[in-house]
Every structure is written in C-alpha cells, then in structure tokens.
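The values are calculated or read from the model by the stated rules, or taken from the named source; none is laboratory data. None of the values given here were measured: they were computed from a predicted structure. Cβ atoms come from the backbone with ideal geometry, glycine included; neighbour counts cover every protein chain shown. Accessible surface areas use protein heavy atoms only, side chains included; no ligands, DNA or RNA. Shrake-Rupley method; radii C 1.70, N 1.55, O 1.52, S 1.80 Å.
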Amino acid sequence: MTNIAPSTLPAPGSVMAAEMAEQPDVLRRLVARLPELGAAIRAALPTPPHGAVLVARGSSDNAAVFGRYLYEMASGRPAGLAAPSLVTRYDARTDHTGYLVTALSQSGRTPEIVTAVRAARERGARVVAVTNEADSVLAAEAHVLVATDAGTEVAVPATKTVTAQFLAMIGIALALGPLPSTVADLADLARLPEAVGRVLAGAAECEVLAADWAHHDRLVVAGRGLGGAVALEGALKIRETSGVFAEGISVADLLHGPIAALGDRVPVLLVDLGGPTAPDIAALRARLVADGIPYSTVSPELADLHSESARAIATTVHLQCLARTFALHRGANPDAPVGLVKVTPTT
C-alpha cells in the first residue's frame, strides 16, 4: 500500500471550492445553448401536453421542485413530482400519454430514476433527460437530452451540476410557454454568470454567520415559491457537508405547526428572492423577532438581476458558500462528508 503524505492531500473544502468556482463558466455555456435546447424540446412535445411530471432524487429533486413551479406557470397545465417507488415497489402502471416527463440525475445512473423513466416512456410519455453525463443510461432513454456539460464533479456535494440543472429548468419552462419577465428572462440570464462570479468573490461574508452559528446542531432554512426550492437545496448542502440537521421548509408549512418546535437554540435562515413571496418572508421575520428566535436573511446583492429565477440560482451559490464555510468551522471536510458517496444507487 502506498502511503500519501498529509502535505500532498488537498485541503478540506478545496475541491468543493474549485468546483463552485467553475459555475460562472458552466452557466455561461448553458445560457448560450438555451435557444437551441428550447427548439428541440418544442419539437418533441406532445400537442397539447396534458401536464408534466418531474422525477429525481437528492439535489436533483430540489431542482425538480424549482422546475415544477416554472413548468406550471409557463404551460398552464398541472406539473408535479413523481414518486419512483410507485413503479419500483408498487408496480404502478400509470398512463403517461400526452405527458412530458423530465428526469433529472447528475450521473444519469440512479437505478430507480432510469426504471421510472423507462416505464413512463413505455406508457406514452415524451421524455426529457437533464444530466451531466451525455452517454449515461438515462440519456439513452430520452427523446431530448439536456446535457448540462458541467464537467466532472469530484466533491460529494453537488454544486456546479445542480445550478446547471436549475438553469436547465428555466430553459425547458420557456420552451413550454411564456413566463413573466419578472420570473424568467433570457437577457437577465445572460447577466447571471457575472453575478454568480460576484457572489463567489464575496464568499467571505459567510464567515461571520458560520462562526456565529457553528455551535448549533439544528437549523431551519425557509423560503416560499421558487425560494422554497432554494431553501430545500441550501438545507441539503448544510446537512450533508457539516452533519448539522438542517431542514428546508416552505414558510407556509413552517407556520402550520413546526414553528412551535423552534426556539433560541434553533435558528432560521430566510431565503428572500424578492418577488411575490417577499411579504411572506417579511411576515415570518416579524414572527421570529416577536418569538425571540434567532434568524438571518440570505439575500446577496443582486441589483443587476431582475428576474426571480436568476436570483434563485445566484442565491443557491451563496448558500453553497455558507454550507462549505459552516462545515469548516465545525471541523468537517465538505469535500467528502462521512457516510456519503457521489452516486447513491437507490432502486
């Protein structure tokens, strides 16, 4: 066995940081391809589509939640999340005629996602696959492949691959129908890579909060609408990198009971993207102040981004920075969290 000198090992968190730093270029390349991808998706769509179903796990599932909001707004048709176990465990034989099924998997190799997509295609679905691996099993099942082309991702926490998936969701939604410019706008997306670069350059801002909250073993990340999807992804990043039990939750769901379990030992991180859900964030902030619950608001300076979906992606990057810094303050290595592997082979 060859022993590797400790000095030759990468510093904890350095791999995750390097992959995060690639995001402006990854997003820039994908933004340039969105019109081409939109044309391919429109050509493959059932006419008219009855609705849309998204299937995913892990970080990809949070991107699917993001997409679900955009799809339904754009198409005017119902959109929802699939439960893969209906196929893999209950042998459900759902008729997908007239439906668009979007499968998201960074590796394209998660068995239950491939199985669920194959079953949907056999029963009439038109399938779009969003994956970082263009030669994967999942890609082969699709009528249209949206390859995120983020490059190999080594660190266990998904960073550049998941923000590329979020961007792909915007592109697919725009192919389904129009979205208000306040929600998604191609000109705004062209400014996104530069904005993400500024978020990364300002990552030192995360140090203060990470140092202040490092002793907490539980916290809540709350948002609503598109911000709810960002909250889910931010909580997952904190949870898997640091071992802290971080729960992502809708502001509305938090107020429907779980807020009673909070106190001065369970802080709340608020995701504020502006837009139509801003009053909900403000109302929750007032409630937290009244109840003496510690909180902080995640709202990086994004004055040049005017659409909510672009701000959502940039804010997701900010939360990646926070998760990485938080883990380091707790003595964890965010590149390789204990007990996790890059591909989880659920069936």
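Beyond 24 Å, how much of the Cα-Cα pair distribution for the range 15-170 remains, as a whole percent? Can you show the working numbers first?
Details: 3308 of 12090 pairs.
Percentage above 24 Å: 27.
I'd like the carbon and sulfur percentage of the solvent accessible area for the chain, probe radius 1.4 Å, heavy atoms only, ligands and nucleic acids excluded.
Carbon and sulfur atoms account for 55 percent of the accessible area of the chain.
Would the range 84-201 count as rounded, prolate or oblate if I go by the C-alpha gyration tensor, calling it rounded below 1.5 in a/c and otherwise prolate when a/b exceeds b/c, oblate otherwise?
oblate
Once amide H atoms are built 1.01 Å from N in the peptide plane, which residues 5 or more positions from Val298, or in another chain, come under 5 Å H to H?
Leu270, Val271, Asp272
When N counts the residues of the chain, how does its alpha-carbon radius of gyration compare numerically with 2.2 N^0.38 Å, as a ratio?
So the chain has a normalised radius of gyration of 0.97.
Over the range 47-92, what per residue volume does the convex hull of the Cα atoms give, in whole Å³?
72 Å³
Taking the Cα centre of the chain as origin, sum charge times position over the Cβ atoms of Lys and Arg (+1) and Asp and Glu (-1), and report the length of that vector in debye to the nearest 20.
The calculated dipole for the chain is roughly 640 debye.
For the range 174-246, state the semi-axes of the equivalent ellipsoid (square roots of 5 times the eigenvalues of the alpha-carbon gyration tensor), sorted largest first and rounded to whole angstrom.
30, 17, 9
Which residue, chosen from Ala231, Met169, Gly202, occupies the Cα position most advanced towards the positive end of the dipole of the range 104-245, where the dipole is computed from +1 (Lys, Arg) and -1 (Asp, Glu) charges on Cβ about the Cα centre?
Final value for the positive-end residue is Met169.
Which cross-chain or sequence-distant (5 or more) residues have an amide H under 5 Å from the amide H of Val55, H modelled 1.01 Å from N in plane?
Close amide H contacts, sequence-distant or interchain: Ala82, Thr102, Ala103, Leu104.
Pull out a ≥ b ≥ c, the square roots of the eigenvalues of the alpha-carbon gyration tensor of the range 296-347, then state rounded if a/c is under 1.5, prolate if not and a/b is larger than b/c, and oblate in the remaining case.
Here the range 296-347 falls in the oblate category.
Principal axis lengths of the range 71-139 from Cα atoms, whole Å, largest first?
Cα spread of the range 71-139 along its principal axes, largest to smallest: 32, 29, 17 Å.
With the cut-off at 1.5 for a/c, could you classify the range 216-347 from its C-alpha gyration tensor as rounded, prolate or oblate?
In terms of gyration-tensor shape, oblate.
5 Å is the cut-off here: which amide hydrogens, built 1.01 Å from N in the peptide plane, fall below it relative to Leu219, excluding neighbours closer than 5 in sequence?
When sequence neighbours closer than 5 places are left aside, the close amide H contacts are Phe245, Ala246, Glu247.
Using Cα centres only, tell me the gap between the range 54-91 and the range 267-308 in whole Å.
26 Å
In the range 1-115, with Lys and Arg counted as +1 and Asp and Glu as -1 at Cβ, which of these residues, Leu54, Ser85, Gly98, has the Cα nearest the positive end of the dipole, that is, farthest along it?
Final value for the positive-end residue is Gly98.
Of the residues Asp135, Asp335, Asp272, which exhibits the maximal mean-square fluctuation in a Gaussian network model of the chain defined by a 10 Å Cα contact cut-off?
In the Gaussian network model the winner is Asp135.
Å³ per residue of the Cα convex hull, for the range 232-296? Before the final figure, lay out the partial values.
Numbers: hull volume 5.6 nm³, N = 65.
Output value, Cα hull per residue: 86 Å³.
Work out from phi, with θ = phi - 60° and the Karplus expression 6.51 cos²θ - 1.76 cosθ + 1.60, the ³J(HN,Hα) of each residue of the range 308-313, listed in order in whole Hz, and give x for Gly and Pro.
5, 5, 5, 5, 4, 5
Residue-wise, which Karplus ³J(HN,Hα) couplings in Hz belong to the range 263-280, taking 6.51 cos²θ - 1.76 cosθ + 1.60, θ = phi - 60°, and x for glycine or proline?
Listing the rounded values in order: x, 6, 9, 10, x, 10, 9, 9, 9, 10, 9, x, x, x, 8, 4, x, 5 Hz.
At 222 nm, what value in deg cm²/dmol follows for the chain if DSSP H runs of at least 4 each add -39500 (n - 2.57) and the sum is divided by all its residues, to the nearest 500?
It comes out at -15500 deg cm²/dmol, rounded to the nearest 500.
Once the Cα atoms of helix 160-176 and of the chain are each reduced to a long axis, what angle between those two axes, in degrees from 0 to 90 to the nearest 10, is obtained?
Around 40 degrees separate the two axes.
Between His306, His256, His215, which gets the highest mean-square fluctuation from a Gaussian network model of the chain, Cα cutoff 10 Å?
So, out of His306, His256, His215, the one fluctuating most is His256.
GNM, the chain, Cα, under 10 Å: largest mean-square fluctuation among Val154, Val230, Val101?
Per the Cα network of the chain with a 10 Å cutoff, Val154 tops the list.
Compute the accessible area per residue over the chain, keeping the other protein chains in place, probe 1.4 Å, unit Å².
Heavy-atom accessible area per residue stands at 42 Å².
About the Cα centre of the range 1-114, how large is the charge dipole given +1 on each Lys and Arg Cβ and -1 on each Asp and Glu Cβ? Please answer in debye to the nearest 20.
180 debye
Would you give the gap between the C-alpha center of the range 232-249 and the C-alpha center of the range 163-202, rounded to a whole Å?
Taking the Cα centre of each part, the range 232-249 and the range 163-202 sit 24 Å apart.
Just by accessible area at a 1.4 angstrom probe, what is the order of Tyr90, Tyr71, Tyr295 from largest to smallest?
Tyr90, Tyr295, Tyr71
With the cut-off at 13 Å, report for the range 138-204 the share of all Cα pairs above it, as a whole percent.
73 percent
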